[in-house]
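One structure below.
None of the figures in this text is laboratory data; all of them are computed from the coordinates on show. Remember, it's a predicted structure, so these values are computed and weren't measured experimentally. A quick note on method: Cβ atoms are made from the backbone with ideal geometry, for glycine too, and the neighbour counts reach across all protein chains shown.
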Amino acid sequence: MNDYQPWEFTCKTCGDHSLTVTHIWAILAGPDSESWQEWGPLDADHLWQFEFKEKVEQDKDDKGKVERGDFGEFAEDDSASKPEEFEIFEQESDPESDEFYVNCAGCDREIEFGWSQPDRGGRIFPVECSDFIPGERK
Ligand SMILES: [Zn+2]
């Protein structure tokens, strides 16, 4: 039963039938903020598993130019509160920075997709799948 494939994707560029789901998110930790990505195949039931995970390397050339001035102003304006609090950067994930991508596993072409529920809930339905029904909403 698990081998049943209810939908079919055929890449019009390379002919591949597999799709890769990628999730990219940021971990906010002050100057040490990081970006991570994880990815894995989209399964027949429109669910997916992330099989790989790695840190996204930032472009180091852009660092250090912007930060200095911003932090200086904060420190001067806030003499009433405890300044040491600004030195502690708690790690937290930023939901706003979460991004999902669906790509062809063969040629890495980006495929548009929709969610089966609002707010990125439910399953992933790439538009080029055979069972994608545009505008189906409840
Ligand atoms: Zn392709």
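Some notes on this structure:
- For the range 102-109, backbone phi angles converted through the Karplus equation (6.51, -1.76, 1.60; θ = phi - 60°) give residue-by-residue couplings of 10, 10, 5, 5, x, 10, 6, 5 Hz, Gly and Pro being listed as x.
- Each Lys or Arg adds one and each Asp or Glu subtracts one; over the other residues with Cβ under 14 Å from the Cβ of THR10, this totals -2.
- Near SER35, the amide H atoms lying under 5 Å from its own belong to ILE27, VAL56; only residues 5 or more places off or on other chains count, and H is placed 1.01 Å from N.
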